[in-house]
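Working notes for the structure below.
Computed from the coordinates by the stated procedures, all read-outs in this text should not be read as laboratory data. Values in this document were obtained by computation on a predicted structure and should not be read as measured data. Counting neighbours? That spans all protein chains shown, and the Cβs are built from the backbone with ideal geometry, glycine included.
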Amino acid sequence: MTGNYRFQRQAELVPGAEPPEIITRFERIPASIFDSEADGAQYVAGAIAEQIRAAGNSGFVLGLTTGKTPVGVYRKLVEMYRAGEVSFADVTIFSLDEFYPMTGAEIEGRGRNIREDFIDHVDLRPENIFLLDPTVAPEEVAAWCHNYEKTIAERGGIDLMILGVGVSGQIGFNQPGCHSGTRTRPVALGVREQRYVFGRLDNVPRMAITMGIGTVLSARRIILMAWSEEKTEVVGRLVEGEITASLPASYLQAHPNIEVVVDENAAGELTRVKTPWLVGTCNWTPKAIRKAVIWLCGAVGKPILKLTYGDYTDNSLGQLLDGVGAYDQVNIRVFNDMQHTISGWPGGKPGVDDSTRPERSLPFPKRVVIFSPHPDDDVISMGGTFLRLVDQGHDVHVAYQTSGNIAVHDDVVLQNLDTARECGMEDLYDRFRAIIASKQPGQPQPEALLRIKSAIRRAEAKAACRHFGLNDRTNVHFLNLPFYETGGVKKGAITDADIDIVIELLQRIRPHQIYAAGDLSDPHGTHRVCIEAVLAALERVRGEEWMKDCRLWLYRGAWQEWGLDMVDMAVPLSPDEVIRKRHAIYRHLSQKDIVPFPGEDSREFWQRAEERTQHTAELYNRLGMAEYQAIEVFVKLSV
């Protein structure tokens, strides 16, 4: 078990049963799927190094993307350089995009990130580094972009272009609707999707400079990368869909030498992963059978127990019946399987037969640790289950992994300080108003301001826990993992310091149950690092006695939900419990009304949570299960 956990592909093809061209026949671009982002990044870094070595001292031109996607590749390249496996002395680089206009002192630009993650650590020569310049005067920017294109041509053109893709299908800042022949140019910037980079809407530049689609297509080779669930839909459309201006990445289908590199989480909409029975012979594990039957229910619009033999055979699932048995027996098997995921006792129900229940009945009560990446993910994502565990008498502890301080607006700080002033407490209002006024956009926030913001979020988290009846003095823990405390949106890498903090808490509580956020779609990556810290900690304490009786349940954050084919426990909520959960979310006042980091969904967290859990209940109902107000779902990960 490592931080790169895999449980997504539950209906895998039988290796060698069909030739690759059959399995990938729906794919218009060759796609390579790796178990994890780290494995994919290693592959891409290796491909880059191999081409550089093949070019020798004749020179090699590399186009580099920006943002979060390539960071793992850049780290691997730096490792390879330090190990003497590759030199960049004869490499020329061009960057893909940049925010505009900016000055270096104001905001962390894309070029600055490339320098910090890659350029500053290898032997690139200054005369071979060409980054888009966000400081060019507006009257000169068009000519500057023309010269950028000219310089690319003078260097012999781009040999290898490394790309990421946005959730809207954008390449660089080539937004939906752009033309396939565009070249490097200034463009209007969609500010909403960049809000998480800059902290607030007012800080987001209204323009950007980007290579055009035509510039990208002129490269001799292209590798496009995509990681995590948030890229699942766009990868499916890019690789298997039609070429359309509404998805600029689809233009890449016309390139003669392109490869898409994804991890399993981003590959979820590819036919060979989503519905592998449509392209080949499957290994029919219990979860694979469940996945196929749930898909079939959606395809024909029927609940499980109404599926017929014809439904299976008409929808390419005859092989399932050949391998497993009669259709009616398959229906009953999957119906019972789904029924057994439902439990109103997430900690186990004492004194009953637990052979078909998700959780064991003993020991009772259980010691439970809920890991919450931010100080509100616990109530947003599993508030109803949290409430059930407390009400049913378990010893529940909540561990807030990060302070969440950068997600507090400055005016919320002033409002809290004004309240304290009105109560006759120390008057800090004017001092912090001056600190706020002195802030530089894009720079780390002043430490004094961050302390106040951390305190606000701690108070809100404790209020939500008290609302559920939890003792906020003994059962609420603020871990403040160091990787998060950079003062800005960009976070550090996980280190032993983070892992050791998690280990200390686990060894002190010795839980029977652990709940953790298992999603990777958080727009600024905190959830990803937090689950890696938990998994790394569990790996290190694996041999301890208490671990023999510990189970790990993964919930999803505010951005996605587990598919029903993956669910191991489903906790139904009554209408009153939905309201109590909503009121706990309300306690996080700094996160209401204006969500600081909304991702692609601008609704408040309580709205997303209720829509999601009600939709899950509806999906269970469509399969023929009982109709509930809402359902929270979990995946069990072996530890």
Exercise for review: Using packing as a proxy for protection, rank 443-449, 130-136 so that the peptide with the highest average count of other Cβ atoms within 10 Å comes first.
Suggested key: 130-136, 443-449
Review point. So between Thr474 and Ala448, what do we pick up on full extension, going 0.36 nm a residue minus the alpha carbon distance?
Key: 6.7 nm
Study note, to complete from the structure: The distance between the Cα centres of the range 113-152 and the range 364-401, in whole Å, is 49
**Study point:** P(r) weight above 16 Å for the range 531-582, C-alpha pairs, percent
**Key:** 63
Exercise for review: Could you work out the Kirkwood radius for the range 34-273, taking every pair of different alpha carbons, averaging 1/r and inverting it, reported in Å?
Suggested key: 18.1
Point to revise | Label-point gap, in nm, between Lys636 and Lys150 - each point 7 angstrom along Cα→Cβ | key: 6.7
Check your understanding: Just how large is the dipole of the range 260-416 about the Cα centre, in debye to the nearest 20, putting +1 at every Lys and Arg Cβ and -1 at every Asp and Glu Cβ?
Key -> 600
Review point. Tell me, what ³J(HN,Hα) does each residue in the range 321-330 have, in order and in whole Hz, if you take phi through Karplus 6.51 cos²θ - 1.76 cosθ + 1.60 with θ = phi - 60° and put x for Gly and Pro?
Key: 5, 4, x, 10, x, 4, 4, 5, 6, 4
Point to revise | Amide H contacts of Ser36 (H built 1.01 Å from N, under 5 Å, at least 5 apart or other chain) | key: Glu264
**Study point:** Helix-only mean residue ellipticity at 222 nm for the chain, each DSSP H run of n ≥ 4 adding -39500 (n - 2.57), per residue, nearest 500
**Key:** -11500 deg cm²/dmol
Review point. Nearest 0.05, what FRET efficiency do Asn336 and Glu618 give at R0 = 25 Å with Cβ-Cβ as r?
Key: 0.75
**Study point:** Extended-chain gain in nm, criterion 0.36 nm per residue less alpha-carbon gap, Arg82 and Ala493
**Key:** 146.1 nm
Practice item. Work from the charge dipole of the range 434-537 (Cβ charges, +1 for Lys and Arg, -1 for Asp and Glu, about the Cα centre) and give the residue of Leu535, Ile452, Gln513 farthest towards its positive end. Key: Ile452
Study note, to complete from the structure: Mean separation of Cα contacts under 8 Å (at least 6 apart) over the residue count of the range 34-273, i.e. the relative contact order in percent, is 22
Point to revise | Spherically averaged projected area of the range 36-87 from its Cα convex hull (nm²) | key: 3.6
Review point. How long is the chain along each principal axis, judged by its Cα atoms, biggest number first, in Å?
Key: 77, 76, 45
Review point. If you rank Lys592, Lys231 by fewest surrounding Cβ atoms within 10 Å, what's the result?
Key: Lys592, Lys231
Study note, to complete from the structure: Amide H contacts under 5 Å for Met102, restricted to residues at least 5 apart in sequence or on another chain and with H modeled in the peptide plane, are Thr135
Review point. So what is the relative contact order of the chain, in percent, for Cα pairs below 8 Å that sit 6 or more residues apart?
Key: 14
Check your understanding: Where a Cα-Cα gap under 19 Å defines reach, which lysines qualify for Lys68, not counting those fewer than 8 residues away within the same chain?
Key -> Lys76, Lys231, Lys490, Lys491
Exercise for review: In whole Hz, with x marking every Gly and Pro, tabulate ³J(HN,Hα) for the range 526-534 from phi via Karplus 6.51 cos²θ - 1.76 cosθ + 1.60, θ = phi - 60°.
Suggested key: 5, 4, 4, 5, 5, 5, 5, 5, 5
Review point. Can you give the Rg to Rh ratio of the range 9-142, both from alpha-carbon atoms, with Rh computed by the Kirkwood formula?
Key: 1.07
Point to revise | HN-Hα J in Hz across the range 349-354 - Karplus 6.51, -1.76, 1.60, θ = phi - 60°, x for Gly and Pro | key: 9, x, x, 10, 5, 9
Check your understanding: Can you list residues whose amide H is under 5 Å from His397's amide H, if they're 5+ apart or on another chain and H is modeled 1.01 Å from N?
Key -> Val368, Val369, Ile370
Exercise for review: For Lys581, go through the lysines and keep the ones whose alpha-carbon is under 20 Å away, minus same-chain ones fewer than eight residues off.
Suggested key: Lys462, Lys592
**Study point:** Kirkwood-Stokes translational diffusion coefficient of the range 275-339, alpha-carbon pairs, 25 °C, 0.890 mPa s, µm²/s
**Key:** 213
